[in-house]
Structures are given as structure tokens and as C-alpha cells.
Amino acid sequence: MSGHGETAAGADLTLTADGLLLRPWREEDVPALLKAYDDPVMRQWVRLPVSTPEEAARWLESQRAGWASGTRFGFAVTDVSRGGELVGNLALKRPGPGPERAEVGYWTAAWARGRGVAPRALEALTAWAFAAFAEEGLVRLELLHQVDNVASCRVAEKSGYAFAELLDALPPEFPLDGHLHVREAPSAACGSVAAHRPPDMSPAGSSESR
């Protein structure tokens with residue numbers, strides 16, 4: 001694992017999680033990325049489509065830009081036991097000015113659902129985030145999903161992200177209420193106040209849509 005000072009480019013940072021390898025996205029991931037987004041369940045939730053090679057190129061560029069700015073750290077999740085097959089996406093998002101909190105998001109490819117990919121990968125990302133950004137004051141990770149995303153709720157609970165707050169719907173973009181789940185750093189004090197923000201709508205089994 002690496003601290004924030006080594007993650008600006010993100011090219012070499014990898015995380016491992018019980019048979020999974022988390023690494024930055026690459027150009028050669030485009031075919032699998034397009035296949036993952038060509039899924040009715042995924043399309044039901046995502047806010048920005050990735051349907052063409054051009055859209056995939058823009059998506060990859062946004063991942064690189066996030067690493068460069070230190071506001072978004074996106075990982076391709078691959079299955080080592082299956083020859084490095086792409087099985088999901090995971091991201092740590094720190095776009096706001098407050099260093100004490102960040103948001104996690106994820107999706108699992110249709111062909112890999114039911115294999116425990118998201119909980120394993122999320123646990124690795126959580127441990128890395130708290131270690132890498134401890135000196136910057138990170139003590140709280142938040143996970144948001146729409147109320148009807150039951151699979152994402154299960155992943156949150158399995159990964160130790162406790163339900164903290166019901167978020168009001170904000171139609172038309174967020175037509176239903178959302179759940180806010182929270183996980184505190186091991187040394188963080190209890191009883192922090194939950195942030196009231198719109199849910200990040202996402203594919204079933206995930207909460208990463210952008």
C-alpha cells in the first residue's frame with residue numbers, strides 16, 4: 001500500500017484483497033469497461049453512460065485526472081485467479097474541502113456478481129484510505145445509495161459501513177430517498193454528525209456510477 005504522497009500519478013499503486021488485485025485503470029481495459037456498461041442493471045442506475053469507445057476514452061481520462069488532482073482515486077478490480085479478469089470498479093472520492101471525510105463508490109460487473117467481489121475490494125480500499133490519508137485528518141468514509149439498491153445496502157453492511165441517515169429524494173435526478181452509510185477510522189471518536197447529501201445512484205451490487 002502507498003501513502004498519498006506516492007499516489008498523485010497512481011500508475012504504480014496496487015492493492016490486494018483475497019484473490020483480487022486493485023490497480024489504476026488502463027487503456028486496454030476499454031473492451032471490458034464497455035461490456036460492463038452494456039448491462040441493463042448497470043444502465044438502470046448510472047448517471048453517465050459509457051456506450052462507445054469515445055465515451056470510454058473520456059471516462060478513462062476522468063480517472064487519470066482524478067488521480068492527478070488527488071480528488072478521486074479510481075481502481076479497476078481484477079480477479080487474479082481468473083487471469084486478471086476485470087470484475088469491478090472502486091473509487092475513493094475527496095472532492096470537498098474537508099479532509100476529515102471522503103466517499104467511496106463501486107460497481108461489480110454483471111459476470112462477477114455473487115462472488116463477493118465488492119465486499120472484499122471495499123475492505124481493501126477502506127484500509128488503504130484510512131492509512132494513506134490519516135495524516136491529512138481522514139476519519140470518516142461515507143457510502144451512499146438509493147433506497148431500492150438493495151444489493152448495495154448489503155455490501156455496505158457486510159463491509160462495516162453502518163446505516164447513518166435516510167436522505168431525502170431530490171427529483172428528477174434522484175427520484176427516491178437514499179441511504180447514507182458510514183465507517184469511522186479505527187481511532188476516530190464516535191458520534192460524528194452525518195452529512196446530508198444526495199445519494200449517488202448506482203448499479204445493483206454497487207454504489208459507484210460516475
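The values are calculated or read from the model by the stated rules, or taken from the named source; none is laboratory data. Computed from a predicted model, the values in this text were never measured in an experiment. Neighbour counts run over all protein chains shown; Cβ positions are idealised from the backbone, glycine included. Protein only, heavy atoms only, side chains kept; ligands, DNA and RNA dropped before computing areas. Shrake-Rupley method; radii C 1.70, N 1.55, O 1.52, S 1.80 Å.
Taking amide H positions as modeled 1.01 Å from N, with prolines and chain starts lacking one, the residues under 5 Å from LEU170 and 5 or more places away or on another chain are LEU176. PHE163 contributes about 110 Å² of solvent-accessible surface, heavy atoms of the protein only, 1.4 Å probe.
Net charge of the neighbourhood of ARG26, taken over other residues with C-beta under 13 Å away and scored Lys/Arg +1, Asp/Glu -1, is -3.
Rolling a 1.4 Å probe over the protein heavy atoms leaves VAL41 with an accessible area of roughly 50 Å². Binning the C-alpha pair distances of region 40-171 at 10 Å intervals from 0 yields a P(r) profile of 10, 39, 39, 11, 0 %, listed from the shortest bin outward.
Summing charges over all other residues whose Cβ lies under 10 Å from the Cβ of LYS158, with Lys and Arg as +1 and Asp and Glu as -1, gives 0.
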